[in-house]
1. Take the conditions part of a helix (DSSP H, G or I), touching a residue at least 24 places away in the same chain (Cβ under 8 Å) and hydrophobic (A, V, I, L, M, F, W, C) and apply them to Val227. Does it pass?
2. Can you name the condition, by its number, that Thr264 falls short on among (1) within 25 Å of Asp188 (Cα to Cα); (2) at pLDDT 95 or above; (3) among the β-branched types (Val, Ile, Thr)?
3. So the check is Cβ under 8 Å with 6+ separation or different chains; which pairs have a first residue in segment 166-192 that's more than 17 Å from Val353 (Cβ to Cβ) and a second one that's of a type in the set (Ser, Thr, Tyr) and part of a loop (DSSP other than H, G, I, E, B)?
4. I'd like the full set of residues that are modelled with pLDDT under 95 and surrounded by fewer than 17 Cβ atoms within 10 Å (Cβ to Cβ), limited to segment 138-161.
5. Test each condition in (1) free of Cβ contacts under 8 Å to residues at least 40 places away in the same chain; (2) part of a helix (DSSP H, G or I); (3) out of contact with any Lys or Arg (no Cβ under 8 Å at 6 or more places or on another chain) for Glu83 and report the one that comes out false.
6. Can you pull out every residue in segment 99-132 that is in a loop (DSSP other than H, G, I, E, B) and buried (at least 20 other Cβ atoms within 10 Å of the Cβ)?
7. Give Gly207, Gly214 a once-over and let me know the one that is touching a Phe, Trp or Tyr at 6+ places or on another chain (Cβ under 6 Å), assigned by TED's automatic domain parsing to the domain that holds Glu302 and of a type outside the set (D, E, K, R).
Amino acid sequence: MKIIIVGPAHPYRGGISAFGERLANEYCKQGHDVEMYTFTLQYPSFLFPGKTQYNDSPAPANLRIVRRINSINPFNWLKVGKEIARKKPDMLITNYWLPFMAPCQGTIERRVRRNGHTHIVAVLHNIIPHEHRPGDRILSRYFVRSTQAFVAMSHSVLNDLAQFDKRKPRAFCPHPLYDHYGELIPKDEARRILGLDPDGRYVLFFGFIRAYKGLDLLLEAMGSPKVKEAGIKLMVAGEFYGDSKPYTDQIKRLGIEDSTLLFTEFIPDDKVNLYFRACDIVVQPYKSATQSGVAQIAFHFEKPMIVTNVGGLAEIVPDGKVGYVVDPSPDQIAESMVRFYDGEKEAVFTEGVKTEKKKYSWSKMTETIEKVCCENGNTDM
């Protein structure tokens, strides 16, 4: 097939970009003709909360990435849609994650549909965002009406889709493994490179630091007397998306400066394995969630997890098998960390992770996308 994937890709960084490129690689591996359409302008700089939108690493040598899309220029959307329509791809796959992108992506899709040939499917990372803004529902509704079929990576997102459409083909497929972040190096080697105590007890919070991800809950848990007595240390690896001061103030207030290690710059792809392999367990103290790319990195690096019972996290982290599922409260997060070490659970949870990770293949994702396209047929063209 000829396939075009629309969404973030190099030189843009972040989880959605990583997902799109890994999906494109899978289709290339299967022998399809794949092209990615990404942005010339993704976010206006004043709307972007981080330090930079861009990735300094070289472009993937094996992918055709076309920079064409301006997220705020309607004339550009029409032009890009017309260009893609003329190419007559068999499938157009759109990565949808934010209502801000709905006018742009939805208009491109509507233009492509005019060719009467291309099947259009959206991979829904979110449909109702974690951080709500006025107009979100109107924008997502516009996008949903533009799209012919959907794949969601958590049942919570699939349920959210039902608020906008109940008729079009849709399917659930769990987020596949992020398996492109380097080798599973030994723990002691990763700790040596990072300058950590080889015998220390380290938990990891990884990824962009945003309010909904609950780092404040984890810091509060680190201040628990039981956690301090257990000698647990926290690695925070990821860039602040917003003001860092509330977190640094909280660390001082709780007296956990010595047990909190801040690696708060953007972590390049070739360094991700160091943090995951150096830790004993990954903690995701989210206040809201859909699926989690961080969990899929943890699965790849065979690390147990503590996650909160929000969104789709509990769907992929079986409680008591690969880690713990707890309420988003400091007390429960603290108790689960202490229980992990006191119960010497690392070895048994790691074996559980090795078993569970077999479920999360990229071929299953491509099969699901193709299945919903076949269900749609030409009835919506």
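The values are calculated or read from the model by the stated rules, or taken from the named source; none is laboratory data. What you see is a predicted model, and the numbers here were worked out from it, not measured in a lab. Using ideal geometry, Cβ is built from the backbone for each residue, glycine included, and neighbour counts are taken over all protein chains shown.
1. Numbers: part of a helix (DSSP H, G or I): yes; touching a residue at least 24 places away in the same chain (Cβ under 8 Å): yes; hydrophobic (A, V, I, L, M, F, W, C): yes.
For Val227, the condition - part of a helix (DSSP H, G or I), touching a residue at least 24 places away in the same chain (Cβ under 8 Å) and hydrophobic (A, V, I, L, M, F, W, C) - is met.
2. (2)
3. Correct list of pairs: Lys168/Thr147; Phe172/Ser154.
4. Across segment 138-161, the qualifying residues are His155, Asn159.
5. Result: Glu83 passes all but (3).
6. So the first thing to find is which residues in segment 99-132 are in a loop (DSSP other than H, G, I, E, B), and the list is 114-118, 125-132.
Answer for segment 99-132, where residues must be in a loop (DSSP other than H, G, I, E, B) and buried (at least 20 other Cβ atoms within 10 Å of the Cβ): Thr118, His125, Asn126, Ile127.
7. On the way: Gly207 fails: touching a Phe, Trp or Tyr at 6+ places or on another chain (Cβ under 6 Å).
Every option except Gly214 fails the conditions.
Every residue, every condition in (1) under 20 Å from Phe205 (Cα atoms); (2) not assigned by TED's automatic domain parsing to the domain that holds Ser224, yes or no:
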{"site": "Val310", "(1), (2)": "yes, no"}
{"site": "Ile316", "(1), (2)": "yes, no"}
{"site": "Val338", "(1), (2)": "yes, no"}
{"site": "Lys354", "(1), (2)": "no, no"}
{"site": "Met365", "(1), (2)": "no, yes"}
{"site": "Glu370", "(1), (2)": "no, yes"}
